[in-house]
Amino acid sequence: MPKDTILILNFGGQYTQLIARRVRQHHVYSQVIPYSASLEEIKSYEPRGIIFSGGPSSVLDADAPRCASGIFELGIPVLGICYGMQLMGHLLGGRVEAADKREYGLVNVKMNHLCSLFADTDARNACWMSHTYQVTALPDGFETVASSDSCPIAAMANREKRLYGVQFHPEVTHTQNGMSMLKRFLFDVCGCAGDWEMGSYAQQQIGAIREAVGKDTVLLGLSGGVDSAVAAALLSKAIGDQLTCVFVDHGFLRKDEFEQVRDVFTHTFKTRLIAVDARAHFMDRLRGVADPETKRKIIGREFVEVFKEESRKLGKLDHFAQGTIYPDVIESGAVQGSHVIKSHHNVGGLPAELGFTTLIEPLRMLFKDEVRQLGIALGLPAALVWRQPFPGPGLAIRVMGELTEEKVAIVRESDAILREEIAQAGIDRDISQYFTVLTGTRSVGVMGDERTYDYAVAIRAVTTDDFMTADWYRIPYDTLALISRRIVNEVKHVNRVLLDVTTKPPASVEWE
Ligand code: XMP
């Protein structure tokens with residue numbers, strides 16, 4: 001357990017994950033736990049401070065989510081955000097009422113600089129609000145430390161007991177100086193040192209994995225993704241050749257990806273790597289299939305089959321490892337503390353199919369950006385660590401309709417050119433995901449003196465925080481011109497390049 005931990009009690013707010021990330025961005029370890037955690041559980045973390053998240057409920061409802069009673073008497077600083085502030089107000093004897101109307105958006109808030117949280121804010125500071133209820137009378141011992149026209153108690157504080165409540169959301173980037181409010185809470189109020197960093201986390205995890213795994217053996221499925229690669233690197237450092245990695249090439253990986261991953265895990269990290277060339281197998285099963293969902297299902301099913309076959313050859317291994325990351329854990333509601341090896345009655349998907357009942361998920365407490373930092377700290381090449389997200393079915397869902405080797409080669413080659421030019425333009429880290437799609441359309445063109453009738457390739461590039469919504473990225477025209485010219489010149493059977501300018505929703509990121 002890191003030296004300083006901030007616990008975040010999750011009351012179901014949409015920004016809970018964001019609060020956890022913001023705290024870690026200040027180099028303080030944070031962990032999200034359910035609001036219903038007992039006082040004993042809370043104490044077992046020896047937290048430096050506690051943050052109550054927002055949430056959709058009203059504290060006035062009989063069945064409103066509440067924290068363990070006695071939490072305010074632990075002597076641990078608490079910051080309540082939105083619902084969290086209302087709950088604090090309500091439980092400590094203040095009054096909470098519905099406001100005349102829901103307050104949503106940026107609001108001008110008057111701040112009291114004598115409150116430690118607001119030492120760096122402007123006297124009138126724009127804050128992000130999203131609430132219907134609000135504290136209308138302070139609990140004993142509290143004072144008002146921020147106010148707005150429609151929310152006279154926009155923040156409250158009991159300095160002596162180190163209890164703070166803010167009606168607005170400091171974790172949201174729209175809130176001006178929000179990061180420094182959190183910083184003040186973490187450092188000035190809770191006394192955190194801010195020394196959480198990936199190098200020491202890696203060492204600590206390596207120790208924990210060694211202890212938990214002992215002499216057991218572990219199987220890990222490498223995919224084209226960042227997470228499984230980082231999990232493999234970590235496990236390899238911890239348990240060496242007790243780890244076996246299986247990497248299946250279904251034929252829909254990006255250009256050079258198979259070789260890149262294979263080389264890293266045989267040379268830089270000397271793991272037992274079983275690299276399976278299943279390209280022909282997948283193509284056989286998919287020939288003639290045009291429906292996107294059927295394609296996905298076949299790929300998923302065959303992946304399990306190939307993996308099963310390979311693991312049968314390996315004999316019985318003790319544990320299955322996978323690169324589950326923290327957002328998946330929070331999303332699934334399983335936010336309790338993690339043990340290195342989990343015995344699982346509800347192991348799903350591949351591990352269950354393979355007969356494993358225990359899982360090792362060494363990244364389950366990390367956010368994506370932290371997984372990347374960890375990868376770098378472990379010595380993985382930057383090019384591998386900074387790869388974009390890539391769907392399991394890979395390029396197969398970027399060829400519209402029926403697959404042929406030739407069509408897959410067209411997306412693979414055009415995607416490689418796109419990636420090269422995006423990197424060359426220095427915008428690769430500004431775009432969340434970018435790739436080419438082989439549209440089902442063919443059109444007439446001229447090349448030299450000849451009439452052509454060839455494929456149109458589309459460019460998809462998006463920015464997003466969470467992939468639930470996305471905007472299309474404005475690639476500069478000159479870069480687009482270069483990409484287009486190179487694709488039609490270098491990729492056979494392409495005579496037209498299109499740009500996808502659709503947001504998600506209504507479009508999805510992938511085309512199939
Ligand atoms: P959509 O197309 O749903 O994509 O807007 C959102 C994100 O999810 C990725 N994606 C997948 N990832 N297996 C995966 O591991 C899949 O089957 C899959 N389908 C979509 C997509 O690349 C984007 O990042």
Note to self: If I filter the stretch 362-386 down to residues being farther than 17 Å from K237 by Cβ and over 14 Å from the mean Cα position of the chain (by Cα), which single residue comes out as nearest to the ligand (Cβ to nearest atom)?
What the structure shows: A383
Check: away from the ligand (no atom under 16 Å from the Cβ), in contact (Cβ under 8 Å) with a residue 24 or more places away in the chain and surrounded by fewer than 18 Cβ atoms within 10 Å (Cβ to Cβ): does that describe I475?
Finding: no
Next item on the list: Could you tell me which numbered condition T441 fails, if it satisfies all but one of (1) surrounded by 15 or more Cβ atoms within 10 Å (Cβ to Cβ); (2) modelled with pLDDT of 95 or more?
Entry: (1)
Check: Which strands (runs of 3 or more DSSP E) sit wholly inside the stretch 422-512 and have at least 2 residues that are of a type in the set (S, T, N, Q)?
Finding: 433-447, 450-463
Check: Mind checking which residues of the stretch 494-509 are within 11 Å of the ligand (Cβ to nearest atom) and either crowded, with 16+ Cβ neighbours inside 10 Å or within 17 Å of L418 (Cβ to Cβ) (or both)?
Finding: K504, V509
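Only one residue in G214, G194, G199, G224 is crowded, with 21+ Cβ neighbours inside 10 Å and within 31 Å of the chain's Cα centre (by Cα). Which one?
Details: G214 fails: crowded, with 21+ Cβ neighbours inside 10 Å; G194 fails: crowded, with 21+ Cβ neighbours inside 10 Å; G199 fails: crowded, with 21+ Cβ neighbours inside 10 Å.
Going through G214, G194, G199, G224 in turn, just one is crowded, with 21+ Cβ neighbours inside 10 Å and within 31 Å of the chain's Cα centre (by Cα): G224.
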Next item on the list: Filter the stretch 51-78 for residues that are of a type in the set (A, V, I, L, M, F, W, C), touching a Gly at 6+ places or on another chain (Cβ under 9 Å) and closer than 23 Å to D188 by Cβ and give the result.
Entry: I51, F52, I76, V78
Next item on the list: Restricting attention to the stretch 174-209, report how many residues are in a loop (DSSP other than H, G, I, E, B) and of a type in the set (A, V, I, L, M).
Entry: 1
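Kindly state which helices (runs of 4 or more DSSP H) lie completely within the stretch 214-294 and contain at least 2 residues that are closer than 20 Å to K316 by Cβ and away from the ligand (no atom under 16 Å from the Cβ).
Working: elements: 226-239, 257-263, 279-286.
Per the criteria, 226-239.
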Checklist line | Condition check for V444: in contact with a helix residue (DSSP H, G or I) (Cβ under 9 Å, 6 or more places away or on another chain), of a type in the set (A, V, I, L, M, F, W, C) and away from the ligand (no atom under 16 Å from the Cβ) | finding: no
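Would you be able to say whether some residue in the stretch 93-106 is crowded, with 23+ Cβ neighbours inside 10 Å and either without any contact (Cβ under 8 Å) to a residue 12 or more places away in the chain or closer than 24 Å to S180 by Cβ (or both)?
First, the residues of the stretch 93-106 that are crowded, with 23+ Cβ neighbours inside 10 Å: none.
Scanning the stretch 93-106 turns up no residue that is crowded, with 23+ Cβ neighbours inside 10 Å and either without any contact (Cβ under 8 Å) to a residue 12 or more places away in the chain or closer than 24 Å to S180 by Cβ (or both).
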Note to self: Would you confirm, using the coordinates I've provided, whether I397 is within 27 Å of the chain's Cα centre (by Cα), β-branched (V, I, T) and surrounded by 15 or more Cβ atoms within 10 Å (Cβ to Cβ)?
What the structure shows: yes
Next item on the list: Output the qualifying pairs, or none if there are none: Cβ atoms under 6 angstrom, residues six or more apart or on different chains, first residue in the stretch 501-512 and more than 18 Å from I397 (Cβ to Cβ) and touching a residue at least 24 places away in the same chain (Cβ under 8 Å), second residue of a type in the set (A, V, I, L, M, F, W, C) and more than 8 Å from the ligand (Cβ to nearest atom).
Entry: V501/W472
Next item on the list: For R451, indicate whether it is surrounded by 12 or more Cβ atoms within 10 Å (Cβ to Cβ), among the basic types (K, R) and not assigned by TED's automatic domain parsing to the domain that holds R21.
Entry: no
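I'd like to verify a number: residues in the stretch 295-304 that are of a type in the set (D, E, K, R), touching a helix residue (DSSP H, G or I) at 6+ places or on another chain (Cβ under 8 Å) and within 13 Å of the ligand (Cβ to nearest atom), how many?
Step one: list which residues in the stretch 295-304 are of a type in the set (D, E, K, R), which gives 295-297, 301-302.
Okay, now just the ones that are also touching a helix residue (DSSP H, G or I) at 6+ places or on another chain (Cβ under 8 Å), so 295-296, 302.
After this cut, where a residue has to be within 13 Å of the ligand (Cβ to nearest atom) as well, the list is 295-296.
The qualifying residues number 2.
Are any residues in the stretch 49-75 under 24 Å from V28 (Cβ atoms) and touching a helix residue (DSSP H, G or I) at 6+ places or on another chain (Cβ under 8 Å), and if so, which ones?
Of the stretch 49-75, the ones under 24 Å from V28 (Cβ atoms) are 49-55, 67-68, 71-75.
Correct list: G49, I50, I51, F52, S53, G54, G55, C67, A68, I71, F72, L74.
If you take the residues in the stretch 400-417 that are assigned to a helix (DSSP H, G or I) and within 15 Å of the ligand (Cβ to nearest atom), which one is surrounded by the most Cβ atoms within 10 Å (Cβ to Cβ)?
As a first pass, look at the stretch 400-417 and keep what is assigned to a helix (DSSP H, G or I): 405-417.
Adding the requirement that they be within 15 Å of the ligand (Cβ to nearest atom) leaves 411, 415.
Values: V411: 27, D415: 23.
The residue in question is V411.
The values are calculated or read from the model by the stated rules, or taken from the named source; none is laboratory data. Computed from a predicted model, the values in this text were never measured in an experiment. FYI the Cβ positions are ideal-geometry reconstructions off the backbone, even for glycines, and counts take in every protein chain you see.
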